[in-house]
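Q: Right, I'll just put the structure down here and ask away after.
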Amino acid sequence: MALGALGLAHEVWPGITRSAAVTRSATARVGERPTVRQHYESFTITAAPRPPPRIVLIDDVITKGRTLLAAAAKLHDAFPHADVRAFAMVRSLGFSTRIDRLLAPCVGVVYWARGDARREP
């Protein structure tokens with residue numbers, strides 16, 4: 001909503017919400033983090049005033065990309081003709097000692113490969 005108030009978005013539609021809780025990836029142990037399927041099934045799409053031609057998902061932190069991939073898939077299923085993109089404020093880099101890389105802007109991609117989400121970079 002803040003993006004709309006600042007004039008940084010043409011239209012703001014809170015179109016995807018959690019209808020079921022999942023474990024937070026940031027606090028879960030490796031191997032216990034929610035899967036893409038669990039994220040996908042936890043989301044509900046709210047009615048849109050009209051079919052959106054373009055959707056930008058906004059998240060605070062991207063770790064592996066499972067949440068964004070699941071949200072994008074859910075939105076794509078609901079709006080197959082929409083161009084779905086994502087923005088995250090921070091990307092995790094594991095145990096990187098270089099904080100400048102953590103904060104450096106980058107363009108990347110999250111995709112499905114070998115049964116899980118993959119992120120580059």
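Q: Could you list which residues have their amide H under 5 Å from that of PHE43, counting only those 5 or more apart in sequence or on another chain, with H placed in the peptide plane?
A: Counting only residues 5 or more places away or on other chains, the set is SER19.
Q: If each Cα of the range 2-120 is one equal point scatterer, what is log10 of I(q)/I(0) from the Debye formula at q = 0.10, 0.16, 0.19 Å⁻¹?
A: With no solvent term, the Cα-only Debye profile gives -0.33, -0.85, -1.16.
Q: Same structure again: Show me, for the range 69-81, the HN-Hα J-couplings you get by feeding each phi into the Karplus relation (A = 6.51, B = -1.76, C = 1.60, θ = phi - 60°), rounded to Hz, glycine and proline as x.
A: 5, 5, 5, 5, 5, 4, 5, 5, 5, 6, 9, x, 9
Q: Okay, next question. What are the residues whose amide H is under 5 Å from the amide H of ILE62, where those residues sit 5 or more places off or on another chain and H is modelled from the backbone?
A: Answer set, sorted by chain and number: VAL90, ARG91, SER92.
Q: Same structure again: Okay, helix-only estimate at 222 nm for the chain: each DSSP H run of n ≥ 4 adds -39500 (n - 2.57), divide by all residues, round to 500 deg cm²/dmol; what do you get? It would help to have the intermediate numbers written out before the result.
A: Values: 4 runs with 29 residues, N = 121.
Roughly -6000 deg cm²/dmol at 222 nm, from the helical runs in the chain.
Q: Please go through the range 1-50 and write out the trypsin sites (Lys or Arg not before Pro) that DSSP classes as loop and that have at most 12 other C-beta atoms within 10 Å.
A: On the way: sites: ARG18, ARG24, ARG29, ARG37; in loops: ARG24, ARG29.
In loop regions of the range 1-50 (DSSP not H, G, I, E or B), the sparsely surrounded trypsin sites (Lys or Arg not before Pro) are ARG24, ARG29.
Q: Then there is this: State the Cα centre-to-centre distance between the range 1-66 and the range 103-117 in whole Å.
A: 16 Å
None of the figures in this text is laboratory data; all of them are computed from the coordinates on show. Computed from a prediction, not measured in an experiment: that's the story for all the values here. We place every Cβ from the backbone using ideal geometry, glycine too, and count neighbours over all the protein chains shown.
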